[in-house]
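Q: Sending over a structure as structure tokens; questions will come in a sec.
The values are calculated or read from the model by the stated rules, or taken from the named source; none is laboratory data. None of the values given here were measured: they were computed from a predicted structure. Cβ placement follows ideal geometry from the backbone for every residue including glycine, while neighbour counts extend to all protein chains displayed. What goes into the accessible areas is simple: the full protein's heavy atoms, side chains included, and nothing from ligands, DNA or RNA. Shrake-Rupley method; radii C 1.70, N 1.55, O 1.52, S 1.80 Å.
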Amino acid sequence: AQTVTQSQPEMSVQEAETVTLSCTYDTSESDYYLFWYKQPPSRQMILVIRQEAYKQQNATENRFSVNFQKAAKSFSLKISDSQLGDAAMYFCAYRSVGVYNAGNMLTFGGGTRLMVKP
Amino acid sequence: GAVVSQHPSRVICKSGTSVKIECRSLDFQATTMFWYRQFPKKSLMLMATSNEGSKATYEQGVEKDKFLINHASLTLSTLTVTSAHPEDSSFYICSASKRERADTQYFGPGTRLTVL
């Protein structure tokens with residue numbers, strides 16, 4: 001079974017600065033998907049960024065980018081020019097590319113609470 | 001877009017009653033829907049996976065007779081908490097994946113259930 005670990009329960013960043021959230025995972029599979037989801041105080045889970053393991057190029061979405069290190073099984077999220085609205089819980093998630101039902105499920109990390117200081 | 005709604009957003013019920021929570025994909029057909037439970041300050045715990053027209057697949061430790069899941073159409077799944085007890089109080093979140101992009105889940109806003 002796959003596991004996802006987020007070693008930082010809480011992080012804080014000054015507005016306009018850059019912050020990196022860590023995520024590591026354990027798997028024996030060679031192909032899979034990785035995600036970062038954001039959960040603000042409203043509790044609505046929002047997809048931030050998606051990475052396909054077979055792609056070497058790191059995914060980016062505006063101010064959000066990832067550092068995907070497949071050999072190290074590391075998938076960190078970098079938030080540039082942090083804004084007050086970035087304050088939220090951030091969850092890293094893993095998805096297999098496998099048989100139908102088993103391949104669909106997401107395995108989540110424990111989450112990192114990001115605080116943004118004005 | 002990929003919008004998922006849940007209804008109700010909050011529900012309070014008495015112990016022993018049943019509560020139904022609806023999850024709808026508003027602008028896409030959801031081949032698969034998922035139900036999660038989230039405790040305060042914790043991560044999401046997958047309860048079950050459902051595909052349209054077939055029985056749900058429950059995760060280990062989740063009572064299928066207590067948490068009834070129905071996925072009657074490509075846009076609607078329901079979770080019924082039967083004979084609810086205070087320990088069932090939690091935040092329940094559904095998600096759905098599109099046929100054309102099955103690898104990504106889009107989440108609903110969640111339902112806060114409080115059992116008195």
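Q: Checking the condition open to solvent by 60 Å² or more (accessible area, probe 1.4 Å) and either away from every other protein chain (no Cβ under 11 Å) or within 28 Å of B:T31 (Cβ to Cβ) (or both), which residue from A:E10, A:E17 passes?
A: One residue alone meets the criteria, A:E17.
Q: Which condition does B:A102 not pass, out of (1) under 30 Å from A:E10 (Cα atoms); (2) of a type in the set (G, A, S); (3) within 14 Å of another protein chain (Cβ to nearest Cβ); (4) open to solvent by 10 Å² or more (accessible area, probe 1.4 Å), if it passes all the others?
A: The number of the failed condition is (1).
Q: Scan the stretch B:83-93 for residues that are surrounded by fewer than 18 Cβ atoms within 10 Å (Cβ to Cβ) and either under 15 Å from B:R37 (Cβ atoms) or in contact with a strand residue (DSSP E or B) (Cβ under 6 Å, 6 or more places away or on another chain) (or both) and report the count.
A: 5
Q: Identify the single condition in (1) buried (at least 18 other Cβ atoms within 10 Å of the Cβ); (2) away from chain B (no Cβ under 14 Å) that A:N67 does not satisfy, given that it satisfies every other one.
A: The single condition A:N67 does not satisfy is (1).
Q: Quick one: in the stretch A:20-36, which of the residues that are more than 9 Å from A:C92 (Cα to Cα) and assigned to a loop (DSSP other than H, G, I, E, B) is most open to solvent (accessible area, probe 1.4 Å)?
A: A:S28
Q: Additional query: How do the pairs read when you match residues in the stretch B:83-98 that are within 11 Å of chain A (Cβ to nearest Cβ) with residues anywhere that are open to solvent by 40 Å² or more (accessible area, probe 1.4 Å) and aliphatic (A, V, I, L, M), using Cβ under 9 Å and keeping only pairs 6 or more apart or on different chains?
A: none
Q: Looking at B:N70, is it polar (S, T, N, Q), at the interface with another protein chain (Cβ under 10 Å from one of its Cβ atoms), over 21 Å from B:G1 (Cβ atoms) and free of Cβ contacts under 8 Å to residues at least 24 places away in the same chain?
A: Here the answer is no, as B:N70 does not meet what is asked.
Q: Could you tell me whether the stretch B:8-27 includes any residue that is within 13 Å of chain A (Cβ to nearest Cβ) and either open to solvent by 20 Å² or more (accessible area, probe 1.4 Å) or outside any strand (DSSP E or B) (or both)?
A: Yes: the stretch B:8-27 contains one or more residues that are within 13 Å of chain A (Cβ to nearest Cβ) and either open to solvent by 20 Å² or more (accessible area, probe 1.4 Å) or outside any strand (DSSP E or B) (or both).
Q: A:A88 - would you say it is open to solvent by 30 Å² or more (accessible area, probe 1.4 Å) and aliphatic (A, V, I, L, M)?
A: For A:A88, the condition - open to solvent by 30 Å² or more (accessible area, probe 1.4 Å) and aliphatic (A, V, I, L, M) - is not met.
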